[in-house]
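*Asks:* Structure below; questions to follow.
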Amino acid sequence: MADDQFKNVISHAKEYGFIFQSSEIYDGLSAIYDYGQNGALLKNNIKAYWWGAMVQMHENIVGIDSAIFMHPTTWKASGHVDAFNDPLIDNKDSKKRYRADVLIEDHVEKIRQKIEKEVGKAAKRFGDSFERAQFESTNPRVVGYHEKIRAIMDRFVKSMEAEDLADVKQLIEDEQIKCPVSGSMNWTDVRQFNLMFGTQMGSVAEGASTLYLRPETAQGIFLNYLNVQKTGRMKIPFGIAQIGKAFRNEIVARQFIFRMREFEQMEMQFFVRPGTEMEWYETWKQKRLAWHKSLGIDASNYRFHDHEKLAHYANAAADIEFKFPFGFKELEGIHSRTDFDLKQHEEFSSKKLQYFDPELGENYVPYVVETSIGLDRMFLAILSNSLQTEQLEDGSTRTVMNIPAFLAPYKVAVLPLLKKDGLPEKAREVMNTLKFDHMVKYDEKDAIGKRYRRQDAAGTPLCVTIDHQTLEDNTLTVRYRDTMEQIRIPMTELSALVAQKVSLSAQFSKL
Ligand code: GAP
């Protein structure tokens, strides 16, 4: 069922011009995608909402746009050359390659699902008097599952920290984790694989130096932190935000735009006084969750996942997970990165990266709390959550994408009822009153019902229909995508109504 839903999302994304496989006529390029005419608009709107919420709504956050190529020492200092690795394992029968951590996490997720099943059964049995926490802490079977999960994760974290890859393989064997394709346990050893793409700068091979395509946008912020702080006269705490491409040679690239080799990140580094980072970490966890919830997607689709195994730069980290069609997965990371990056860049560049705190009268290297969200994953979250097949009262069905109106690619479709009698000309007049403020679509082809359905499926929140009465009294029909309700209003009221329904500023005031 979930599989069907996901396939539906992928085919709908193509059919309605949201996402195409990159280089499709050459049979595509694995885990690389292009955004089509509707996709590019939706993506830009998501960016605008994030940028506005971060930069426009916070006096102490500014935005930059740094280059993708950075000095190669950047990646030595940041730890990416030595530690940005995935532990990989191959199944000898299916010849499929997996990330060992993902195999283990999927295995743990199956045990979690068993817990959910027990909880569901008990909730039914006990009715209103059911107390989940008490049940989970006393039911022997569930307690056993929890202990098993803890033991697996503790061992995994310990082996990874000790770089004991032989034990990671042993754990996979001990847990009898099978290849999802061949069903066998005929595994190779676990190996580390660096995820950065390298390329050459310079025209002659001898003189060329190896550059990396940045695997995260954050380092562009770290390297510019003092430039921004000084030229912007920023006082701690302050943030620097950035939206941009990142590249990772993902070995197990799958699940459509969830895991890509070229993707976009929206990151913000918040520079704070040492010792205050945990407060800010909690604050940003809550602020970012509030941003997600402001989209109107049901809150049950989000959860926090606190990391047990921390990245080489973090002293605390959590994911905001979203319920994608293939289960709860990471959508955004919030990381307390300490002073690791700036200290490393101080050491490798031999330049001071200290901040003078006028209140304390002392210099220090700031601590950093980071929020990092994948733009493409956010896109997928919105797309998969909004695509619905509705059963209508007359027994028919309709496909509708109830994308939040302020994010929708087109805000209004203007539809002359007929292609004659001066209705197209009147419709063009209506378009001209709206197009300076909004993306507006004109459509005169096919019967009106079919045109409504086409707009529903593309996520257009408002349709405006021009008919013969419009010519007589300058009124028009507005049809709402979500309720299919139709109202008749004077043409003079249209601009205000559209502005109110799709306003980004109204959305900001909810944050
Ligand atoms: N600067 C910190 C950082 O890059 P991360 O957890 O590796 O942290 C942050 O990545 C976010 O970037 C993730 O939460 C995810 O949304 C997105 N992301 C990471 N790898 C991705 C990929 N291969 N494809 C699409 N999005 C990805």
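*Asks:* Kindly state which strands (runs of 3 or more DSSP E) lie completely within segment 347-409 and contain at least 1 residues that are under 28 Å from residue 329 (Cβ atoms) and among the β-branched types (Val, Ile, Thr). It would help to see each step written out before you state the result.
*Replies:* Details: elements: 355-357, 362-364, 367-374, 387-391, 397-401.
Counting at least 1 such residues, we get 367-374, 387-391, 397-401.
*Asks:* Based on this model, can you work out whether residue 425 counts as acidic (Asp, Glu), surrounded by fewer than 23 Cβ atoms within 10 Å (Cβ to Cβ) and part of a loop (DSSP other than H, G, I, E, B)?
*Replies:* Spelling it out, it is not the case that residue 425 is acidic (Asp, Glu), surrounded by fewer than 23 Cβ atoms within 10 Å (Cβ to Cβ) and part of a loop (DSSP other than H, G, I, E, B).
*Asks:* Could you check segment 111-123 and list, in sequence order, the residues that are without any contact (Cβ under 8 Å) to a residue 24 or more places away in the chain and within 21 Å of residue 329 (Cα to Cα)?
*Replies:* Scanning segment 111-123 gives 113, 116, 117.
*Asks:* Out of curiosity, is residue 119 over 28 Å from the mean Cα position of the chain (by Cα), outside the structural domain of residue 251 (by TED's automatic domain parsing) and surrounded by 17 or more Cβ atoms within 10 Å (Cβ to Cβ)?
*Replies:* no
*Asks:* Additional query: Residue 332 passes all but one of (1) under 17 Å from residue 293 (Cα atoms); (2) among the acidic types (Asp, Glu); (3) outside any strand (DSSP E or B); which number fails?
*Replies:* Single failed check for residue 332: (3).
*Asks:* On to the next question. On the basis of being at pLDDT below 95 and under 27 Å from residue 507 (Cα atoms), does residue 296 make the cut?
*Replies:* Values: at pLDDT below 95: yes; under 27 Å from residue 507 (Cα atoms): yes.
Taking the combined requirement at face value, the residue satisfies it.
*Asks:* Another question, if that's okay. Have a look at 303, 288 and point out the one that is in a strand (DSSP E or B) and within 15 Å of the ligand (Cβ to nearest atom).
*Replies:* After applying the criteria, what remains is 303.
*Asks:* Residues 244, 239: which one is in a strand (DSSP E or B), more than 10 Å from the ligand (Cβ to nearest atom) and surrounded by fewer than 22 Cβ atoms within 10 Å (Cβ to Cβ)? Please lay out each step first, then the result.
*Replies:* Working: 239 fails: surrounded by fewer than 22 Cβ atoms within 10 Å (Cβ to Cβ).
Only one candidate qualifies: 244.
*Asks:* Using the structure shown, decide if residue 215 is in a loop (DSSP other than H, G, I, E, B), at pLDDT 95 or above and out of contact with any helix residue (DSSP H, G or I) (no Cβ under 9 Å at 6 or more places or on another chain).
*Replies:* no
*Asks:* Let me ask another. Might you check whether a residue that is free of Cβ contacts under 8 Å to residues at least 40 places away in the same chain, surrounded by 14 or more Cβ atoms within 10 Å (Cβ to Cβ), touching a strand residue (DSSP E or B) at 6+ places or on another chain (Cβ under 9 Å) and in a helix (DSSP H, G or I) occurs anywhere in segment 479-493?
*Replies:* No, there is no match, as no residue in segment 479-493 is free of Cβ contacts under 8 Å to residues at least 40 places away in the same chain, surrounded by 14 or more Cβ atoms within 10 Å (Cβ to Cβ), touching a strand residue (DSSP E or B) at 6+ places or on another chain (Cβ under 9 Å) and in a helix (DSSP H, G or I).
*Asks:* Using the structure shown, decide if residue 260 is part of a loop (DSSP other than H, G, I, E, B) and buried (at least 20 other Cβ atoms within 10 Å of the Cβ). Walk me through how you get there before you give the answer.
*Replies:* Working: part of a loop (DSSP other than H, G, I, E, B): yes; buried (at least 20 other Cβ atoms within 10 Å of the Cβ): yes.
So residue 260 passes the test.
*Asks:* Scan 309, 329, 323 and give me the residue that is in contact with a helix residue (DSSP H, G or I) (Cβ under 6 Å, 6 or more places away or on another chain) and under 17 Å from residue 257 (Cα atoms). Explain how you work it out, then say what you get.
*Replies:* Numbers: 309 fails: under 17 Å from residue 257 (Cα atoms); 329 fails: in contact with a helix residue (DSSP H, G or I) (Cβ under 6 Å, 6 or more places away or on another chain).
The unique qualifying residue is 323.
*Asks:* Would you check which residues across segment 428-464 are more than 35 Å from the chain's Cα centre (by Cα) and either under 19 Å from residue 499 (Cβ atoms) or buried (at least 20 other Cβ atoms within 10 Å of the Cβ) (or both) and list them?
*Replies:* If the condition is that a residue be more than 35 Å from the chain's Cα centre (by Cα) and either under 19 Å from residue 499 (Cβ atoms) or buried (at least 20 other Cβ atoms within 10 Å of the Cβ) (or both), then 429, 430 are the ones that fit.
*Asks:* Give just the number: which of (1) of a type outside the set (D, E, K, R); (2) away from the ligand (no atom under 13 Å from the Cβ); (3) touching a residue at least 24 places away in the same chain (Cβ under 8 Å); (4) in contact with a helix residue (DSSP H, G or I) (Cβ under 9 Å, 6 or more places away or on another chain) does residue 274 not satisfy?
*Replies:* (4)
*Asks:* Can you tell me which residue in segment 306-333 is surrounded by the most Cβ atoms within 10 Å (Cβ to Cβ), limited to those that are within 13 Å of the ligand (Cβ to nearest atom) and basic (Lys, Arg)?
*Replies:* 329
*Asks:* For the subset of segment 370-403 comprising residues that are of a type in the set (A, V, I, L, M, F, W, C) and in contact with an Asp or Glu (Cβ under 6 Å, 6 or more places away or on another chain), which member is farthest from the ligand (Cβ to nearest atom)?
*Replies:* The selected residue is 400.
*Asks:* Is there any pair linking a residue in segment 209-221 that is of a type in the set (D, E, K, R) to one that is away from the ligand (no atom under 11 Å from the Cβ), with Cβ under 7 Å and at least six apart or on different chains, and which?
*Replies:* 214/68; 214/70
*Asks:* So, one more: Could you grab the pairs with beta carbons closer than 7 Å, sequence gap of 6+ or different chains, first residue in segment 94-110 and free of Cβ contacts under 8 Å to residues at least 60 places away in the same chain and at negative phi, second one among the small types (Gly, Ala, Ser) and surrounded by 17 or more Cβ atoms within 10 Å (Cβ to Cβ)?
*Replies:* Pairs that qualify, where the first residue is free of Cβ contacts under 8 Å to residues at least 60 places away in the same chain and at negative phi and the partner is among the small types (Gly, Ala, Ser) and surrounded by 17 or more Cβ atoms within 10 Å (Cβ to Cβ): there are none.
*Asks:* Next question, about the same structure. Residue check, residue 388 against (1) at positive phi; (2) in contact (Cβ under 8 Å) with a residue 12 or more places away in the chain; (3) exposed (fewer than 14 other Cβ atoms within 10 Å of the Cβ), all met but one. Which one?
*Replies:* Checking residue 388 against (1) at positive phi; (2) in contact (Cβ under 8 Å) with a residue 12 or more places away in the chain; (3) exposed (fewer than 14 other Cβ atoms within 10 Å of the Cβ), the one that fails is (1).
*Asks:* Here is a further query. Just to check your reading of the model, which residue among 262, 279 is over 13 Å from the mean Cα position of the chain (by Cα), more than 16 Å from the ligand (Cβ to nearest atom) and at pLDDT 95 or above?
*Replies:* From the options 262, 279, the qualifying one is 279.
The values are calculated or read from the model by the stated rules, or taken from the named source; none is laboratory data. As the structure is a computational prediction, the values presented were derived from the model and not from experiment. For neighbour counting, all protein chains shown are included, and Cβ atoms are generated from backbone atoms with ideal geometry for every residue, glycine included.
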